[in-house]
Structures are given as structure tokens and as C-alpha cells.
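Take a look at the structure set out below.
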Amino acid sequence: MHKTAQQKASTPQEFKDLRTTKPPTNSVGLGAVKAAIKHAKTYMNTSDAVKLSLKINQKGGFDCPGCAWPDPDDERSSLGEYCENGMKAIAEEAQNKTIGVDFFKQFSVDQLSKMSDFELGKSGRLAKPMHLPKGASHYQPISWSDAFKKVAQHLNALQSPDEATFYTSGRTTNEAAFLYQLFVREFGTTNLPDCSNMCHEASGNALSETLGIGKGSVTLDDLYKAELVIVVGQNPATNHPRMLSALEKTKQNGGKILAINPLPEAGLIKFTNPQKPLKLITGGTKLSDVFVPVTINGDVAFFKAVLLKLLEKEESTGRVFDKAFINEYTNGYSTFISDLKTYNFNDCLEASGVSKAIFDQAFKLILNNNKIIVCWAMGLTQHENAIDNIREIVNLLLVKGSIGKPGAGTCPVRGHSNVQGDRTVGIWEAAPKAFLNKIEAKYGFKPKIEHGLTVIESIKAMYEGKIKVFFGLGGNFISAVPDTAYSAQAMANCDLTVHVSTKLNRSHLVTGKEALIFPCLGRSEKDYQKTGIQTQSVENSMGVVSSTKGILEPCSEHLLSEVAVVCGIAHATLKERTKINWLAYKDDYALVRDDIAEVVNGFKDYNSKLKQPAGFYLPNGPRERKFKTKTGKANFTKNKLPKWKLKKGELVMMTIRSHDQFNTTIYGLDDRYRGVFNERRVIFMNREDMKLRGLKERQVVNLKSEFNSTIRKANNFKVIGYDIPKNCCATYFPETNVLVPLGSFAHTAKTPASKSVRITVETI
Ligand SMILES: Nc1nc2c(c(=O)[nH]1)N[C@H]1C(S)=C(S)[C@@H](COP(=O)(O)OP(=O)(O)OC[C@H]3O[C@@H](n4cnc5c(=O)[nH]c(N)nc54)[C@H](O)[C@@H]3O)O[C@H]1N2
Ligand SMILES: Nc1nc2c(c(=O)[nH]1)N[C@H]1C(S)=C(S)[C@@H](COP(=O)(O)OP(=O)(O)OC[C@H]3O[C@@H](n4cnc5c(=O)[nH]c(N)nc54)[C@H](O)[C@@H]3O)O[C@H]1N2
Ligand SMILES: [Mo]
């Protein structure tokens, strides 16, 4: 008997050997340097490691495939703009082991599914295209041209192009992403779900509505000039380590930092810059001036409490709000104020879970500073009321006039290294009409205008048999999405699932009736094409587009670039129907950029601008106080307090990243900054909540979530007592994605609410 899709999708439940220590309060420093070196030495050749570490994020080098944090415009450290987790991301990609035909002959799909995510990733780089025929137990080799034909046959046999869905993860470069969405639109659908749907979609929606652009407004230089940086719902020491160098500069220039997070994350407290030897000895910089241990999803309540107090001060002194800014640039102020007045300060403070003493300290910082930047990530976006979270932050910045001036503005800190760029060049199931018109004018076909399916809508459609082909450009869909068991069945219901990947992952094992793996080049590798080694480009979290060029030899001669894969499939599928010369693009990526320059705003003279060593900035209205919203002004909004209540015995659970993972790629089994070693199946709980339930440290429990009368279960987790607000708990993703209901998502953005899952803990 084959294992079921659900069985293959769940992570193995065996324990390793958990060790815990007191969590450190300092981050990075020598420990991070040592960890980076150890990792590189274990998985890479030494000469490759040295070559790469000198070229990461250097001008003319290659863009780190880790996070989307920007590189300084001017000086870059001679040690390499690297960080521990960037080094891990690169070591993961530049591994010296490959897996090819023999590997897949040796292990059946069922056997592979028994491996942990860590083991799957460590088996090596994918080196040959592979095919899992209908009913087969093992993947078999296939030639590229046969593989392209297979995809084409399936796509062309569909009754409607809308029976296919085309996912993108955020590592894909601008060139590959632009061509991919162009192919999908010419094929005839707008089903372009992407990892953004699970990530910063709510930021994009809320910022477009209020400020007229779905991106942040600040530059790195603004961070250096800010009087106050608020870091909310984000864990930079693990996920954006180079952000800590920027925060260190904020502090050196006299700025203050306010951190708002249920967890006292090490990097929010103190930082030792690894690029400054003296700091390694003297012990680093204290980062947060005030730390606010908000309850999970207590952010709207907290910011409302702040706004209420600010309003009180404004009404008594008249010196708190920036009235000149409000009058000239905003809309909806009086409605916002009359709505705000319907809330009671004490109720808001109570709902935020913050003590009055800590509130007062935080409030003072906000009251007394006028150049404020708010940085946020998944702690705000992965809730049902995510849009409200972000809009309330905008309200705060607007009353303070903290937008469109040096040292002030919005800073949604992006995840994947090119997730922002992918959206800019058209990976969007809801692309604006103006963009589609330009596609039509340039290429002569009519792209579909109706919105396509997001991630969770695609899953539902696959489950219901309405989607028959799933295509993934990068990523690890089954492990990244919510509701693992349901989603596994959705994958299994497809006729064909295809993944373009660098590494083996669980999505290759939870397949449709037939499946294909397309192994592709990674960022760090040279991309040889007819006109020479190709350069590509990416956009960082602050809207800077820069070039990236691999420097290592490809790990296998059978790899294709993502651009070549897209061109191959488009050519095979669209044949005579196409109006586009697909094969020309893969020989010379400069041609793709010429097209982007014509179709996408802000890319005029793309090819020549890309030659600027530090790249170029895309236009950004709010930076200049130009707000291209429906009202032509920056909009105040009315936001409600979230209304949900825990049932007796329930906890609210956030699913977060450990220090040793990049999303679903597990680099190792430690979470050093939280004092957890050699185990991922843990649940962090408040010690009083443990006592209430009679739970001891390391006791093994099962987790259960009940949503709309459906029960979901994840078994075998060890309890760790932790400094987390009462009624809150935390676990790692993807192990607990099985508990995240598909039906619980951010309104309008449809981002799964994976930071507010209601669960109960059962002893066994
Ligand atoms: N090394 C490494 N780097 C990465 C990634 C990775 O996995 N590994 N992932 C990349 C990607 S795709 C992304 S999107 C980013 C993710 O970057 P983060 O958003 O920093 O990642 P998470 O681990 O999801 O952490 C969420 C943080 O929000 C807090 N939080 C949770 N709920 C709430 C809440 O209700 N309110 C507040 N105020 N805080 C809350 C958590 O305690 C945690 O500190 O990182 C990117 N960079
Ligand atoms: N419960 C819960 N779920 C979450 C989250 C959460 O916080 N909690 N976070 C969500 C977020 S923010 C995100 S962004 C998603 C991430 O979702 P995804 O982007 O789908 O997942 P990743 O783990 O980043 O994808 C890793 C895989 O990408 C492939 N890969 C790596 N580099 C390349 C490359 O250069 N090219 C190609 N073609 N493939 C490559 C490798 O095969 C690797 O196995 O997960 C989401 N899921
Ligand atoms: Mo993300």
C-alpha cells in the first residue's frame, strides 16, 4: 500500500534530543561568526565558501538568496556584507553534494517521505530532470524536451486555462518572473498565486489603500536619521540580521528603538556587530530602549491606546499632531478622530496585555519624537485582522506627520530576497488594469482582466477538482501552506504537479497523479547562455533594483536557468498560437529587460541603469508626499479591535521561524537565540499556563485546534516554559501548519492567519 498524501505531507514525529539553556539577551557577535563558518565548512568546499563570502551583496557581486534587507548605498564592509543566516542560505544552495538518477532509483517516494525536512534538504542539490509517472513508486529520469512536452500536453488538454495554477516563490529574479507571468497570461489565465499571498499581502493591500503604493516608504538612510524606530512583529536577529547593523547606526546617531513583540527576542535587546572587532570584545550595543511584551494580536489595541493618549495630549496642548501635514496631505481625519473617541483607553490597554508602567514608557517615546519609522513583518500580517494592524500604524504615522520626510515612514520588512521585485514585474493574481493594458499594447494579446486565484483559493480549487495542473516556480508549496492534510489531498487531486527547484523538498513527494521535478541553477551559479554569462536583477525591501551574477560553476551540467525553463515551457505549450519569440529571451536576458522597461513603470533605460554599481531606486510616491490613492491623499482609516475570545482552556498559538531555518528549509535543529537545541517539536508556553494545566518542562503533549467544528491535530511536542504572555504560545512552522485552518485568513488579503491559531494542549 502506498502512503496517503496526508501521511507523506506531515513531518515525521520522532523526537531528537532536546537540550535547553537560558535564552541569551545578546545577538550575533562571535557566536554568529563561528556558526556561519561551521556551517560553510560542513556543507561547502572551502575555496567556494571564501569566494562567495567576499562577493555576497557586494557591488557587481551576487544578491544573497536569503532575505530582502537592502545593502548600504555607499560603504559596504570589506568582510563581505554577510550574516550568519545569509551564509547558511548560500551554503544550502552551494552544497557540494548532488542527487541524480541513482538517488531516485534507491529511494521510493514513500521512503523519502519518512525523512525529516532537514534530511531531505541535506541530501544534496537536484541535478537531473525527473518524472514520476502515473502509479509509479520511484521518480525516473526524463529529458528536458520530453519534460517540456509533457507539461505542454497537460496544459493544452485542459478545458480551460483556468484549470491550471502557477505558483511563484520569492527567489525568482525579475527576468524569470516577468517572463513567467507573461507566459501564464498568454496561456490565458490569471491564476498566479505567490508566496506574497502568505506573507506581506496585507501590507501591500493596507498601504495601497492608505498611501497609494503597496511598498514601504523609507530608505536605509532614513533609518540612520530616525528619532524613533518601532520594530513590531518582527525577529530581525534571525530573519534579517543585517537590519541590526542599521539599528545600531540609528542608536549611534541618537535615535531610540521601541520593540513590540510577545517574545523578548534576543536581537531586539542587544547586538554585537561581527564586523567591528572591538565590539566583539566590549560586548555590543543595547538596542531596544523600551520592550513591550504585547499579547498575540494585541497590536491594534496597543496602537489605539497610544492614539487615544496622543489625542488627549493634543487636545490639551495643541502641540502633538502635525496639523500642517494633516491638512495638506490627508483625508478622513475627522471621521478617524470621532471613531477613535468611541474607544476607551483602559479597555484598549487591557486588550493589548501591556502593563500601564510599560505603556507609559513606550508612550513617552512616541509622544516626544516626530521622525518615526515603523518596521514590521509576519507578527502583524498573519492575523485575520492584519489589514487593521497595518492601517492603525499608518494612522499613527499620519497624525505625527511621519511620512515623506527624512527619518520617517513605513518599513514593511520583506521576506524572500526578490518577493517585492516579483510583484513589481507582474506576478500578481490581481494585477492592475493599467499594467494589463500595457501588456496588450506591447504583445498584441488580450490578457484576462478578472482576478485569478490566490494561494488559499488555489488549494480549495485543487481540492474540489477544479484545478488539474499545479506548477511551482521555486518554493515548497505543501510545507508552506496552511491546513496540511486538506492541502495534501488538494495536491493529490491534480493530474500533474511540477516543481522548478534547487533542492529536494516535501512538495516533490506530495504529488498529483503524475509529477515532474525541474532542477534549476541557484543565484550563486554562473548562468551560461549563447550570448555569454547572464546577469539578472532583483529588488530589495526598499525598492532598490540591482544586478546579481553567479560566480560558482553550476553543480550539474543538466541544470537550466529559471528563464530557460519558462521559455522552454512557453515555446512547447503555445507553439504557433504565440505572438512572442520565446526562445530569443533565453539567449540574452537583456532582451527581457528591454521589455520590462517598456511595460513596467520605473524601469526606463533598465539595462543601462542596472550598470550603476549600487543599482537604482524605483519611484515611490509617499517618499515625496505624493499619495496616489483613490482620494489623491493619504487616507486615515477606522479600525476595529479584534473581537475574538478564547474558549476555556484555549491558547492562541503563533507559528514562527527558528534560528536554523529559512522558511521550510531546515538548516539545523537549534534555535540558539531562544536557548533551544537539537529539537523542533517544541511548544513555548507561559509558566503559569503550564501550572494551570499541571504541565512539567519537556512533558510531551498533543496539540488540537478546533475551527468551525473541524478538529485538527498535531501530535508529540515537548513543552518549554518561556517568557511569553499568558494565554499565548509559540511553535515552529512547518511542523504545526496542519493546525492552521484554511478558512482563517486576513480579510481581503487572504493571508493565512498562522500567527493566531486557537489550540488546546492535551496530555498523553
Ligand atoms: N534566516 C531566515 N531569514 C528569513 C526567513 C527565514 O525563515 N529564515 N524567512 C524570510 C521570510 S519569507 C520572511 S516573511 C521573513 C519573516 O520574518 P519575521 O516576521 O521576523 O519571522 P517570524 O519567525 O514569522 O517572526 C514573527 C515575529 O513576530 C512576533 N509576533 C507573532 N505574533 C505577533 C503579534 O501578534 N504581535 C506582535 N507584535 N508580534 C508578533 C513573533 O514573536 C516573532 O518575533 O524573514 C525572511 N528572512
Ligand atoms: N505556519 C506558517 N506558515 C507559513 C509562514 C509562517 O510564518 N507560518 N510563513 C509564510 C511565508 S512568509 C512564506 S514567504 C512562505 C514561503 O513559502 P515558499 O517560498 O514556498 O517556501 P520556501 O521554504 O522558501 O521554499 C524553499 C524551496 O525553494 C526552492 N528554491 C530555493 N532556491 C531556489 C531558486 O533559486 N530557484 C528555484 N526555482 N527554487 C529554489 C528549494 O527547492 C527549496 O526547497 O511560507 C509561508 N508559510
Ligand atoms: Mo515571507
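Quick notes
- Per residue, the solvent-accessible area of the chain (1.4 Å probe, heavy atoms of protein chains only, all protein chains present) comes to 36 Å².
- The range 201-412, dipole about Cα centre (Lys/Arg Cβ +1, Asp/Glu Cβ -1), debye to the nearest 20: 920
- Dipole of the range 201-412 [Lys/Arg +1, Asp/Glu -1 at C-beta], most positive-end residue of Ile393, Gly404, Leu311: Gly404
- Of the three principal axes defined by the Cα atoms of the range 629-715, the extents in descending order read 55, 36, 27 Å.
- Protection proxy ranking, highest mean first, for peptides 663-669, 721-727, 192-198, 494-500: 192-198, 494-500, 663-669, 721-727, where packing is the per-residue count of other beta-carbon atoms within 10 Å, averaged.
- In the range 416-454, the GluC sites (Glu not before Pro) that fall in loop regions by DSSP, at most 15 other Cβ within 10 Å: Glu450
- Where trypsin sites (Lys or Arg not before Pro) fall in DSSP loop in the range 127-177, at most 14 other Cβ within 10 Å: Lys134
- When the charge dipole of the chain is built from unit charges on Cβ atoms (+1 for Lys and Arg, -1 for Asp and Glu) and taken about the Cα centre, the candidate among Ala32, Tyr606, Ala351 whose Cα reaches farthest toward its positive end is Ala351.
- Inter-part distance where the range 621-663 and the range 147-219 are each reduced to a Cα centre, Å: 22
- Structural descriptor for the range 201-412: relative contact order 32 percent, calculated from alpha carbon pairs under 8 angstrom and at least 6 residues apart.
- Label-point separation, Lys648 to Arg687 (7 Å along Cα→Cβ), nm: 2.8
- Restricting the range 292-359 to trypsin sites (Lys or Arg not before Pro) that sit in a DSSP loop and have at most 13 other Cβ atoms within 10 Å of their own Cβ leaves Arg319, Lys341.
- Within the range 403-444: backbone nitrogen closer than 12 Å to the Glu598 label point (7 Å, Cα to C-beta): 438-444
- Cβ screening of the chain for cysteine pairs under 4.7 Å finds these without a partner: Cys64, Cys67, Cys83, Cys195, Cys199, Cys348, Cys494, Cys520, Cys555, Cys567, Cys728, Cys729.
- Within the shell of other residues whose beta carbon sits under 15 angstrom from the beta carbon of Leu669, the net charge comes to +1, with Lys and Arg scored +1 and Asp and Glu -1.
- With Cα atoms as the point set, the range 475-576 shows a radius of gyration and Dmax of 16.4, 46 Å.
- A rounded overall shape is assigned to the chain, the ratio a/c of its alpha-carbon gyration tensor axes (a ≥ b ≥ c) being less than 1.5.
- Estimated at 0.36 nm per residue, the fully extended path between Lys97 and Leu591 surpasses their Cα-Cα distance by 174.4 nm.
- For the chain, a crude dipole built from +1 on the beta carbon of Lys and Arg and -1 on the beta carbon of Asp and Glu, taken about the Cα centre, is about 940 debye to the nearest 20.
- The range 181-241: C-alpha gyration tensor shape, a/c 1.5 cut-off, then a/b vs b/c: prolate
- Per-residue packing, averaged as other Cβ atoms within 10 Å, sorts the ranges 332-339, 474-481 into the order 474-481, 332-339, beginning with the highest.
- Estimated from the Cβ-Cβ distance and a Förster radius of 45 angstrom, the FRET efficiency linking Asp146 and Glu119 is about 0.90.
- By DSSP, the beta bridges lying fully in the chain are antiparallel in about 45 percent of cases.
- Electrostatic bookkeeping for Lys647 treats Lys and Arg as +1 and Asp and Glu as -1; over the other residues with beta carbon under 13 Å from its beta carbon, the sum is +2.
- Carbon plus sulfur fraction of accessible area for the range 201-412, probe 1.4 Å, in percent: 51
- Alpha-carbon Rg with Dmax, taken over the range 582-649, Å: 21.6, 63
- Part-to-part distance (alpha-carbon centres) for the range 721-749 and the range 102-127, which is given in Å: 29
- Spacing of the modelled spin labels on Asn344 and Lys438, each 7 Å from Cα toward Cβ, amounts to 5.2 nm.
- Between the range 426-491 and the range 553-613, the alpha-carbon centres lie 21 Å apart.
- Over the residues of the chain, the helix contribution to mean residue ellipticity at 222 nm works out to -10000 deg cm²/dmol, using -39500 (n - 2.57) for each DSSP H run of at least 4.
- Charge tally around Phe471: other residues with Cβ under 13 Å, Lys/Arg +1 each, Asp/Glu -1 each, net -3.
- Each residue, Ser355 and Phe15, gets one label point 7 Å from its Cα in the Cβ direction; the gap between the two is 3.4 nm.
- Relative contact order %, the chain, counting alpha carbon pairs below 8 Å whose residues are six or more apart: 22
- Calculated P(r) of the range 100-247 - Cα pairs past 23 Å, %: 62
- Directionally averaged shadow of the range 201-412, computed from the convex hull of its alpha-carbon atoms, nm²: 11.3
- Cβ-based charge dipole, the range 201-412, positive-most Cα from Asn205, Val320, Thr381: Val320
- A protection proxy built from the mean count of other Cβ atoms within 10 Å ranks the segments 118-127, 101-110, most packed first, as 118-127, 101-110.
- Shape of the range 42-181 from the C-alpha gyration tensor: oblate (a/c of 1.5 or more and a/b not above b/c, with a ≥ b ≥ c the square roots of its eigenvalues).
The values are calculated or read from the model by the stated rules, or taken from the named source; none is laboratory data. Since the model is a prediction, treat every value here as computed from it, not as a measurement. FYI the Cβ positions are ideal-geometry reconstructions off the backbone, even for glycines, and counts take in every protein chain you see. For accessibility, only protein heavy atoms count, side chains too; no ligands or nucleic acids. Shrake-Rupley method; radii C 1.70, N 1.55, O 1.52, S 1.80 Å.
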